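In what follows, a structure is listed as structure tokens, so that the remarks can point back to it.
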Amino acid sequence: MVHLGIDNWEKYASYFSGKNIGLITNATGINRRFESTIDILHKHFNLVTLFAPEHGVRGDLQAGITLQNYTDSATGLPVISLYGSNKKPSAQMLENIDVLAFDIQDVGARFYTYLYTMAYAMEACAENGIACVVFDRPNPLGGVAVEGNMLDVSCKSFIGLYPIPQRYGLTIGECAKLFNQEYNIGCRLEVIPMTGWHRHFYFEDTGVNWVLPSPNIPTVDSCFTFNCTCIFEGTNISEGRGTTKPFSFVGAPWLNAYKLADRLNNYNLPSVHFRPQYFTPLPYHPTLSKYAGELCQGIEVHVLNRDDFLPAKTGLTMLYTIKEMSGSQFKWMKPFTENSRHMIDYNTGNVHVREGRGLDEILQMADEDSQQFIKIKTKYHMYE
């Protein structure tokens, strides 16, 4: 039985006793008994402020929706948005806080924003002399496998701040320690560890119930496909938003589902099968639901064996194949502003894919980067 960091709070009560506490959390911030971290800290200590990441403190907002400050109806506490113009807590936001706590479930992919909400909070703590406490949680992809290229810092963004690979194989607490040391944040960091967790565990091995960390990551399986197909956000190919299986369905109106599935299956990629799929996205968000109301042809990604599945390699192989099959109909999403890069550069962590380097060369560089990162990450392992 795995006990989460928040399950172990009583052993670390000294971190919070007699102090004003700020908490960054969302709907995933609960213990094994479904008690929220908000309620636990509010009941036993002086919790004074809540901070909301992308999707809000209750997880009720879609990706990319700007959140305004508001009051939490359950506790009456102020909720300050850390998604939008203020990704890092300011000195003014922290002026009555002695310790800033963080408790959010991560998904194990470099391009998920919660990692960097934590990192910005750590920077703010260092700048303002405030302690930072991270309640540790499992990496749903496990803590062993590492895959993908390291981020080129010239492509850093809120979906990738530091040179880590696409699949990094660390818990969020271990990431905090690595960020703090390797990238010179230097805050007063404490990580409240889990007990009973082992590196080879997938989320189902923990006995903890899954709570979706954002609207389009409904299951543990979707963490694996997200790590594979999120790069399609940087293209005009639908990544399945607005369907019942976001990040498992990939396609566009002009593709041939059966030809695409055959092409991809002929690569014999490890432990994955591509099944022809027709889907019609719903218009849940005007800028994110591609081809809303249009019939798309594509594939569903079926992961056959997690131990052997290679999400980064699989996703890139899919991208190169779909781009070739689409011809002139394939487009990279345009930069957000005149001075920003293309979205795909942020998704992939470099410019090489968009600039046309070959798939084999891209995969070779990714393998070299993964091996380099493994040597770095082992210094921050907290679990066997």
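Taken together, the residues in the stretch 68-126 that are of a type in the set (D, E) and in a strand (DSSP E or B) amount to 1. Per the listing R167, R199, the residue uniquely out of contact with any strand residue (DSSP E or B) (no Cβ under 7 Å at 6 or more places or on another chain), among the basic types (K, R) and at pLDDT 95 or above is R199.
Can you tell me which residue among S81, S85 is more than 18 Å from C230 (Cβ to Cβ), hydroxyl-bearing (S, T, Y) and modelled with pLDDT under 85? Going through S81, S85 in turn, the sole match is S85. State whether one or more residues within the stretch 340-352 are of a type in the set (D, E) and surrounded by 18 or more Cβ atoms within 10 Å (Cβ to Cβ). The answer is yes, given that some residue of the stretch 340-352 is of a type in the set (D, E) and surrounded by 18 or more Cβ atoms within 10 Å (Cβ to Cβ). Checking each residue of the stretch 189-200 against the condition of being more than 28 Å from Q372 (Cβ to Cβ), in contact with an Asp or Glu (Cβ under 7 Å, 6 or more places away or on another chain) and in the same structural domain as L282 (by TED's automatic domain parsing) gives no match. Take E239 and tell me if it is surrounded by fewer than 23 Cβ atoms within 10 Å (Cβ to Cβ) and among the charged types (D, E, K, R). Spelling it out, it is not the case that E239 is surrounded by fewer than 23 Cβ atoms within 10 Å (Cβ to Cβ) and among the charged types (D, E, K, R). Against the numbered list (1) farther than 28 Å from F179 by Cα; (2) in contact (Cβ under 8 Å) with a residue 12 or more places away in the chain, L316 comes up short only at (1). Within the stretch 127-146, the set of residues being assigned to a loop (DSSP other than H, G, I, E, B), crowded, with 24+ Cβ neighbours inside 10 Å and without any contact (Cβ under 8 Å) to a residue 60 or more places away in the chain comprises just one member, N139. Within the stretch 147-181, being surrounded by fewer than 23 Cβ atoms within 10 Å (Cβ to Cβ), among the β-branched types (V, I, T) and within 15 Å of the chain's Cα centre (by Cα) holds for one residue alone: I159.
Is it the case that the stretch 301-308 has a residue that's closer than 24 Å to I362 by Cα, surrounded by 13 or more Cβ atoms within 10 Å (Cβ to Cβ) and modelled with pLDDT under 95? No, every residue in the stretch 301-308 fails to be closer than 24 Å to I362 by Cα, surrounded by 13 or more Cβ atoms within 10 Å (Cβ to Cβ) and modelled with pLDDT under 95. The test for being buried (at least 18 other Cβ atoms within 10 Å of the Cβ) and out of contact with any Ser or Thr (no Cβ under 7 Å at 6 or more places or on another chain) does not hold for G315. L41 meets each of the listed conditions (1) farther than 17 Å from G5 by Cβ; (2) modelled with pLDDT of 80 or more; (3) buried (at least 20 other Cβ atoms within 10 Å of the Cβ); (4) not hydroxyl-bearing (S, T, Y) apart from (1). Evaluated against (1) of a type outside the set (K, R); (2) without any contact (Cβ under 8 Å) to a residue 12 or more places away in the chain; (3) over 25 Å from G148 (Cα atoms), N265 falls short on exactly one condition, (3). Taking residues in the stretch 217-236 that are farther than 17 Å from E54 by Cβ and surrounded by 24 or more Cβ atoms within 10 Å (Cβ to Cβ), and partners anywhere that are of a type in the set (S, T, Y) and modelled with pLDDT of 95 or more, the pairs with Cβ atoms closer than 6 Å and at least 6 places apart or on different chains are T225/S248; C228/T314; I231/T348.
The values are calculated or read from the model by the stated rules, or taken from the named source; none is laboratory data. Predicted model, so just to flag it, every value in this text is computed and none were measured. All Cβ positions, even for glycine, are placed from backbone atoms using ideal geometry, and neighbour counts span all protein chains on display.
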